[in-house]
2 protein chains.
Amino acid sequence: MVLLFPLYYLPLIETLRTMNKPQITIKDIAKALNVSPSTVSRALKDNPDISQDTRDAINKYAREHNYKPNALALNLRTSRSNTIGVIIPQLVHHFFSCVLSGIEMQAAKAGYNILVAQSNEEYEQEVKIVHSFLAARVCGVITSLAKDTSQYDHYQELLNNNIPIVFYDRICTGINTERVVVDDYAGSFAAVEYMIQTGCKRILFYSGPPHLEISKNRRNGYLDAMRKYKVPVDDNMIKLCDTREQAIAITPDLLEKKNRPDGFFAINDETASGILYACKLVGLKVPDEVSICGFTDGAIAQSTDPKLTTVEQHGQEVGESAFEILIGRLEGTSGEQKNNNRIVKTNLVVRGTTK
Amino acid sequence: MVLLFPLYYLPLIETLRTMNKPQITIKDIAKALNVSPSTVSRALKDNPDISQDTRDAINKYAREHNYKPNALALNLRTSRSNTIGVIIPQLVHHFFSCVLSGIEMQAAKAGYNILVAQSNEEYEQEVKIVHSFLAARVCGVITSLAKDTSQYDHYQELLNNNIPIVFYDRICTGINTERVVVDDYAGSFAAVEYMIQTGCKRILFYSGPPHLEISKNRRNGYLDAMRKYKVPVDDNMIKLCDTREQAIAITPDLLEKKNRPDGFFAINDETASGILYACKLVGLKVPDEVSICGFTDGAIAQSTDPKLTTVEQHGQEVGESAFEILIGRLEGTSGEQKNNNRIVKTNLVVRGTTK
């Protein structure tokens, strides 16, 4: 029997014993003072983002009404569960597998369990997952946005329950959380600069959905590299195309135009492998006539012929960093530092698809 | 607060209230009658694998000593957690990603959470994971053996705690559990038969560790196809080689021998892509001079040039089936059927690396 009741259930029992005592919550304070729960939460932590007047008013009200922080959510050292919720946009995806592996390995070392759920790139599924994580009493969440997520209330709900969140890769700029990103801008800049330096005059950028931060940052890296070398860019040079199938569908026509591209920078290796396939279809030599660079550096990059030049993304390190930040927050070792923004360096791996 | 205490905690509280009453357990019965706990467990379920005499003796002793099944472990409908533990040998691996995705999607539909842990192919890590799953009170486990696991006590411990297990792909024949396998034998037979029919006279088999069931079954498929067509096989034709790097290391020498192979059947696509690379290195044409067939059909198979002929493994379906079997057991819908052995069909996908 002992095995079935690990020690971390004891605080739960303790809390249940005292559940009958009515107690004022963050939401009650928010309602009474007509502010948002997250404002109350931050004011109680003396966060300087909240004006001094508001902080004073909230702390005064909390004292007068005998507010006690929710033991389950805040008294983390003693009463938290040791389970972390991890949201993955797609499990069958090299980069995300690497991230999950990094999270899992650090979690195993630190004695945490991880609940894993995939959004399948759908906002509604992401919302459901967040609610299941709340019900499962996770102590923290590591997540990356689904491609079609552009509302963030569900994440705010986690924060309102004092569950810390770390975003990785596809981060959320709409709410105030910690993040791990790969250095998309620098990776993109380095790739495009290399293609220009090796003779490309018309480089197309195949991008993901434009509202995602990773698309914006890689686009900016591309544009800045083109600008630096005074290579002209027009709107037709940036395409929404982020799968192998789409690349095979749209690339042959572009290659048969008069003003055909002589370089492609793709948002991932799948797309780059599709471009390579399309070049072979229309009889153009890679890299002599067309240069191609991807982004990821997974198994695909080693398997193509020639092997793919790509930006190495270090997914495992992204996962490890996300876990470290979360654990720092949960175990209080991150100190006063708020909104840790960790950047994992990328590096260009030059192989056979560029000169 | 309500959100933080879902209904499924109530039976836990109830059980804690009655914990002081001493109660006879399966282990007590086992000790008293000098049999193993799993024998007791099976006898109490009237499993015909246990002799009628033993079953009678155990059931008599249990009645006389007022044995009550452990409510937490057995009264599943009311008191189980809704969390399943999933063990993955390697997360960064196309087939296992697909299996995990299949499990996750079915679990999400059925309202179960999944704890995910990777053994990294190490027996000791696998044992640790099982203990962490016991501590986390999972209601069932889905697992695939690490390459170096050849003892099964940790899995027996789960069964002794009445936690059902479903093995997938790398199954365990040492203990009595349910399984989902891909049809390795038939997939292997079909691939080798196709290579023989298209003119190969000397086909090498690159295998995984020989103690794994998947290696044995694929080897048998290979051997039986060779036998059927009276193609001679000698010991030098079966190699332990299951990574791209190993394939690139050992293949060129073999291709430069007098009696060089004209066909390779590899245990996975990574290895097959390494063989393809090695053929190009030594200047042999694929498929004109050498045929290659892999096993998996992931992203790699689409990316090589020529594209890989391979055996499609349907990882997603394996994961879905494993979850269905487990849920059938947990929710009692699988009825009396014991040791469900589900086989997911494979199919040969002929592409450019075979004639």
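The values are calculated or read from the model by the stated rules, or taken from the named source; none is laboratory data. Fair warning: this is a prediction, and the values are worked out from it, not measured in the lab. FYI the Cβ positions are ideal-geometry reconstructions off the backbone, even for glycines, and counts take in every protein chain you see. Remember, those area values only see protein heavy atoms, side chains included, never the ligands or the DNA or RNA. Shrake-Rupley method; radii C 1.70, N 1.55, O 1.52, S 1.80 Å.
List of remarks:
- Sorted from closest to farthest, the other copies place their B:K216 label points 5.7 nm away, with each point set 7 Å from Cα along Cα→Cβ.
- Reachable aspartates and glutamates from B:K109, criterion Cα separation under 14 angstrom, eight or more residues apart if same chain: A:E124, A:E126, B:E320, B:E324
- Computed on protein heavy atoms with a 1.4 Å probe, the accessible areas place B:Y185, A:Y67, A:Y155 in the order B:Y185, A:Y67, A:Y155, largest first.
- Within the protein assembly as shown, percent of DSSP bridges classed antiparallel, to nearest 5: 10
- Take the convex hull of the alpha carbons in the protein assembly as shown; its mean projected area over all directions comes to 35.6 nm².
- Sites listed here are GluC sites (Glu not before Pro) in region A:232-316 whose DSSP assignment is loop and whose Cβ has at most 16 other Cβ atoms within 10 Å: A:E256, A:E289.
- By accessible area, using a 1.4 Å probe on protein heavy atoms only, region A:184-313 has 50% of its surface on carbon and sulfur.
- For B:N113, distant residues with modelled amide H under 5 Å away: B:T83, B:I84
- A straight Cα-to-Cα reach below 20 Å connects B:K45 with the lysines B:K27, B:K31, B:K60, B:K68, B:K338, residues fewer than 8 places away in its own chain not being considered.
- In region B:275-354, the C-alpha radius of gyration followed by the widest Cα-Cα span (Dmax) gives 18.8, 59 angstrom.
- Shown for region A:158-257 is the translational diffusion coefficient from the Stokes-Einstein equation, using the Kirkwood radius over Cα pairs, a temperature of 37 °C and a viscosity of 0.692 mPa s: 213 µm²/s.
- Region A:36-183 - convex hull of alpha carbons, volume per residue in Å³: 124
- Label geometry 7 Å along the beta-carbon vector: A:S150 inter-copy distances in nm: 5.8
- For region B:111-179: accessible area per residue (Å², 1.4 Å): 30
- Ascending list, in nanometres, of distances separating the A:P306 label from those of the other copies (7 Å, Cα toward Cβ): 2.4
- Amide proton proximity set for A:F264, modelled H, under 5 Å, gap of 5+: A:L204, A:S291, A:I292, A:C293
- Over the protein assembly as shown, DSSP H runs of length four or greater, each weighted -39,500 (n - 2.57), average out per residue to a 222 nm ellipticity of -13500 deg cm²/dmol.
- Angle in degrees between helix A:94-110 and the longest Cα principal axis of chain A, rounded to the nearest 10: 30
- Percent of beta bridges antiparallel (DSSP, chain B, rounded to nearest 5): 10
- Restricting region B:239-275 to trypsin sites (Lys or Arg not before Pro) that sit in a DSSP loop and have at most 10 other Cβ atoms within 10 Å of their own Cβ leaves B:K257, B:K258.
- Calculated diffusion of region B:123-202, Stokes-Einstein form, Kirkwood radius summed over Cα pairs, 20 °C and 1.002 mPa s, µm²/s: 147
- Of the residues making up region B:83-97, those losing 10 Å² or more of accessible area when the isolated chain is joined by the remaining protein chains, with a 1.4 Å probe, are B:L91, B:V92, B:H94, B:S97.
- Against chain B, whose longest principal axis is taken from its Cα atoms, helix B:184-197 shows a tilt of about 10°.
- Solvent-accessible area buried by pairing A with B, both sides, nearest 100 square angstrom, 1.4 angstrom probe: 4300
- Rough spin-label spacing in nm, given labels placed 7 Å along Cα→Cβ, for B:K258 and A:N259: 6.4
- Close Lys pairs in region A:184-313, defined as Cα atoms under 25 Å apart and 8 or more places apart or on different chains, number 27.
- Calculated on the Cα set of chain A, radius of gyration then Dmax: 24.1, 78 Å.
- Region B:201-355: translational diffusion in µm²/s, Stokes-Einstein, Kirkwood Rh over Cα pairs, 10 °C, 1.306 mPa s: 95
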